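In what follows, a single structure is set out as structure tokens and then discussed.
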Amino acid sequence: MHLPDLNVAKDRTKKENIYIDLNENYNKVFSNKKYFLRTYGCQMNVHDSEQIRHYLETLGLKSTDKIEEANIVVLNTCAIRENARDKVVGFLGKCKYLKKNHEDFKIILTGCMSEQPDFIELIQKKHPYVDVVIGTHNIHQLPKLLINNNPKQDIEVYSNSDEVIENIQYARDSKISAWVNIMFGCDKFCTYCIVPYTRGRERSRKPEEIIKEVKDLKKNGYKEVTLLGQNVNAYGKDIGEKFSDLLEKVAQTGIERIRFVTSHPWNFTDEMIDVIAKYKNIMPYIHLPIQSGSNEILKRMNRRYTKEEYLELFNKMKKKINNVSITTDIIVGFPGETDKDFQETLDVVRKCEFDGAYTFIFSPREGTPAAKMKDNISLKEKEKRLHELNEVVNYYANKSNQKLLNKTLDVLVTGVSDKDNNKLCGYTEGMKLVNISGPKDIIGSIVKIKITDAKSFSLDGEYVDER
């Protein structure tokens, strides 16, 4: 039995796999133990957790969803919003209690919070019972840390690494859809965003390694891949490649469905739009965050585009890509946002009629320029604006879904519905959630579903048996 350690040479483009032999002693140590893994945050964190799960299970641990049964607890954290930190710190209290009554109990923190110096200082001072803090860049060191079993608190963090680790193995959550990292980090430095400080600068994987991973997934029966990066369409700038070329190569593998997240409007090119329009297996769904409709606020956010430029790009996508669904992110209450600025945001939403939007009240993150800006908007006003924004967003989301009523759509059935165990669920090409009445043997297949009801956030449908 071998465990990949995945060290990287100084040349960031040279990847080597180095293996640790897991002898019988390791099997004896870990084989009867269980782990509990909780993930906070974005798709990148979810995918990192698949890597963590692989390492733990290769060591011999078994998964449990009951923390009381666990010997090892791993919290994969998110630093985007303040309430995420509050949740993690609150959950640590429960872990501390369990550790007092369970001598063979380890607590591991990883994810974006582990890259923040103030958070590490907090853990050292107020939570010394945490055993390991490990950064996003060196998750591959987790097996060594567990094997070494240091009785003191282990902190293994380094930020802004330029390394790119290839050939990572994952214990994937799904046998149907898979995340595929194509790059790491972000160079945009939006003034509100902590990502460049926790995930480092943009670093792209080699295209041949990505294509190999997609081909292997297709060979193993996967129907769908989602190309993943904090700023996915900036792929390749550091290695002389273009995202449009990579997207075309992935499409040519013949895998049935391809998606990608998350895109930055500033990096979206005409070539990308043309490739999406050209290939039927590239899904007509684009998540394109605008964040604000005010040019003044966009400038303060360092978003590098104007409202007018965003609308021009949006309209070009709508014109060239058949039946495209476009969703977005919007922040309200950014420092200095006036009511006029907010009305500009509502104007964009009304012009674009987004299929959906993730909406947030501005949350200052320590270490970012926006955290130092004067915040002169009351919480009451921010909440009022958020409520008004959500009403407009939900109106257009419902309007978009109503257009699908009584239509028969291709849906990838992914499993049993979380809300109703008697129903299945899946996604349309435009990334709309469908709750399905149909037999369980269609899970994992792309099938025809007739839409029978349309709500703001989901659709209901019936399986059309064409067998």
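The values are calculated or read from the model by the stated rules, or taken from the named source; none is laboratory data. Keep in mind that this is a model prediction, so the values were computed, not measured. Neighbour counts are summed over all protein chains in view; Cβ atoms, including those assigned to glycine, are modelled from backbone coordinates with ideal geometry.
Observations on the structure shown:
- Within the range 322-358, the set of residues being of a type in the set (Val, Ile, Thr) and surrounded by fewer than 19 Cβ atoms within 10 Å (Cβ to Cβ) comprises 338 only.
- For residue 426, the stated conditions do not hold, so it cannot be described as modelled with pLDDT of 95 or more, assigned to a loop (DSSP other than H, G, I, E, B) and small (Gly, Ala, Ser).
- Candidates 52, 80: the one that is touching a helix residue (DSSP H, G or I) at 6+ places or on another chain (Cβ under 7 Å), of a type in the set (A, V, I, L, M) and either in a helix (DSSP H, G or I) or surrounded by 18 or more Cβ atoms within 10 Å (Cβ to Cβ) (or both) is 52.
- Verdict on residue 20 being touching a Lys or Arg at 6+ places or on another chain (Cβ under 8 Å), within 21 Å of residue 137 (Cα to Cα) and modelled with pLDDT under 85: yes
- Qualifying residue in the range 385-392 (condition: of a type in the set (Lys, Arg), under 24 Å from the mean Cα position of the chain (by Cα) and either surrounded by 17 or more Cβ atoms within 10 Å (Cβ to Cβ) or in the same structural domain as residue 190 (by TED's automatic domain parsing) (or both)): no
- Failed item in (1) at pLDDT below 80; (2) surrounded by 17 or more Cβ atoms within 10 Å (Cβ to Cβ), with residue 135 passing the rest: (1)
- Failed item, numbered, when residue 213 is tested on (1) charged (D, E, K, R); (2) outside the structural domain of residue 39 (by TED's automatic domain parsing); (3) touching a residue at least 40 places away in the same chain (Cβ under 8 Å): (3)
- Annotation note: of 116, 124, the sole residue that is in contact with a strand residue (DSSP E or B) (Cβ under 9 Å, 6 or more places away or on another chain) and either within 30 Å of residue 238 (Cβ to Cβ) or of a type outside the set (Asp, Glu) (or both) is 124.
- Among residues of the range 195-243 being farther than 30 Å from residue 117 by Cα and aromatic (Phe, Trp, Tyr), the one that is surrounded by the fewest Cβ atoms within 10 Å (Cβ to Cβ) is 222.
- Matching entry among 269, 198 (being of a type in the set (Ser, Thr, Tyr), assigned by TED's automatic domain parsing to the domain that holds residue 317, touching a Gly at 6+ places or on another chain (Cβ under 9 Å) and within 29 Å of residue 309 (Cβ to Cβ)): 198
- The set of residues from the range 62-76 being within 23 Å of residue 41 (Cβ to Cβ) and either out of contact with any strand residue (DSSP E or B) (no Cβ under 7 Å at 6 or more places or on another chain) or not in a strand (DSSP E or B) (or both) comprises 64, 65, 66, 67, 70.
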